[in-house]
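The values are calculated or read from the model by the stated rules, or taken from the named source; none is laboratory data. Keep in mind the model is a prediction, meaning the values are calculated, not measured. In this analysis, Cβ positions are derived from the backbone assuming ideal geometry, glycine residues included, and neighbour counts consider all displayed protein chains.
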Amino acid sequence: MKNYYIDLGSSTIKVYQHDDKLVLLEEHSIYFKNNFDSEKGISEDNLKSLCLYFEEIKTKYDLKYFNTNIYVTGIFRELSASKKQELVQLFNDKFDLHFNIISHGIENYYLSKAMQNDYNNKKVLIINMGGKTTELITFQGSKITDTKNLKLGVADLLNHFDKVNEKFSGNTVEEMESFVEEKLSDVQLEEDYDCAIFTGGEERFELLTGFNLVENTLFNDGIHKYMLTLDEYIKGTEKVFYDISLEDLYKLMPLNPKWMDGARSGAIIPLVLFKMTHVKWIIPSDLNLINGVINDAK
């Protein structure tokens with residue numbers, strides 16, 4: 001039987017199918033942070049867009065209560081209890097689906113399950129960044145030794161830097177780095193990591209935009225094929241800011257071009273974290289919490 005898993009975050013909805021393996025069917029971007037209010041909820045326009053999209057995918061994939069699992073994160077956690085209940089009731093009545101808002105702790109748990117691996121006894125920093133939050137998990141060998149939740153995400157940079165999504169970025173990498181450095185000035189991080197893994201579609205993004213990736217020789221898990229140096233990550237980020245137009249970024253993801261609105265801003269928080277921890281190697285990853293949900297059920 002086909003089962004469906006939906007990852008609904010602050011700006012992107014990802015729809016997966018799981019039979020023998022997990023397959024990303026499609027993704028759709030809605031900026032739920034725009035005109036968001038914890039007491040009033042997501043905006044009327046965004047609620048309408050959310051409902052229209054679920055009407056579409058419910059019909060397309062024949063989504064049912066028994067075969068569909070929705071995991072809601074990010075900005076939805078900030079809703080008041082009454083607004084959370086309204087969305088749960090709406091999805092139950094309108095779609096016969098459960099709108100499951102999970103806690104940060106549960107998201108961390110599933111992320112750790114997604115990334116659980118024998119990293120050839122390396123010390124690895126996992127970075128999972130969303131619209132409003134960033135989760136950090138440290139693996140030493142195959143064990144988790146530390147977790148941190150940062151109240152900082154892509155939306156914070158998009159809200160602060162209004163020129164980053166001009167044809168070529170009107171905001172510099174350096175000024176955006178300084179903003180993040182100030183926000184993270186009280187965060188204490190270890191500095192002896194062998195590598196950092198940046199999750200959530202990063203491998204796909206770096207392949208599409210031409211980052212200088214080389215074969216991953218640190219460990220072999222059959223999933224993470226590539227790595228790059230910090231210098232090459234910086235060069236790739238500068239290329240996305242100054243050499244690839246926003247229109248051309250959109251063309252790289254024709255089925256969901258709005259995802260690229262967060263591409264430039266989304267490179268900065270990890271860049272600062274890479275520098276703070278002095279990592280030499282960065283490994284891009286497409287894994288996310290849904291991979292953890294599947295792994296946890298095995």
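What to note about this one:
- Matching residues, the range 167-189, being of a type in the set (Asp, Glu) and out of contact with any helix residue (DSSP H, G or I) (no Cβ under 7 Å at 6 or more places or on another chain): GLU174, GLU175, GLU182, ASP186
- Restricted to the range 91-111, and to residues there that are of a type in the set (Phe, Trp, Tyr) and over 16 Å from the mean Cα position of the chain (by Cα), the residue that is nearest to ILE137 (Cα to Cα) is PHE99.
- Extreme residue, nearest to the chain's Cα centre (by Cα), among residues of the range 70-83 that are modelled with pLDDT of 95 or more and more than 16 Å from THR12 (Cα to Cα): LEU79
- Candidate set: the range 87-118, residues that are in contact with a strand residue (DSSP E or B) (Cβ under 7 Å, 6 or more places away or on another chain) and in a helix (DSSP H, G or I); chosen: the one surrounded by the fewest Cβ atoms within 10 Å (Cβ to Cβ): HIS104
- Looking across the range 149-177, the residues that are of a type outside the set (A, V, I, L, M, F, W, C) and outside any helix (DSSP H, G or I) come down to ASN149, LYS151, GLY153, ASP162, LYS163, ASN165, GLU166, LYS167, SER169, GLY170, ASN171, THR172.
- Scan of the range 178-216 for residues that are crowded, with 20+ Cβ neighbours inside 10 Å, hydrophobic (A, V, I, L, M, F, W, C) and either touching a Pro at 6+ places or on another chain (Cβ under 6 Å) or assigned to a loop (DSSP other than H, G, I, E, B) (or both), ordered by number: PHE198, PHE211
- Filtered residue count, the range 12-42, keeping only those that are buried (at least 17 other Cβ atoms within 10 Å of the Cβ) and assigned to a loop (DSSP other than H, G, I, E, B): 6
- Failed condition for TYR4, given (1) more than 16 Å from the chain's Cα centre (by Cα); (2) part of a helix (DSSP H, G or I); (3) buried (at least 18 other Cβ atoms within 10 Å of the Cβ): (2)
- Of residues in the range 119-149 being surrounded by 21 or more Cβ atoms within 10 Å (Cβ to Cβ), under 23 Å from THR217 (Cα atoms) and without any contact (Cβ under 8 Å) to a residue 60 or more places away in the chain, the one farthest from the chain's Cα centre (by Cα): PHE139
- Number of residues in the range 247-280 that are surrounded by 19 or more Cβ atoms within 10 Å (Cβ to Cβ) and either closer than 24 Å to TYR53 by Cα or within 20 Å of the chain's Cα centre (by Cα) (or both): the value is 17.
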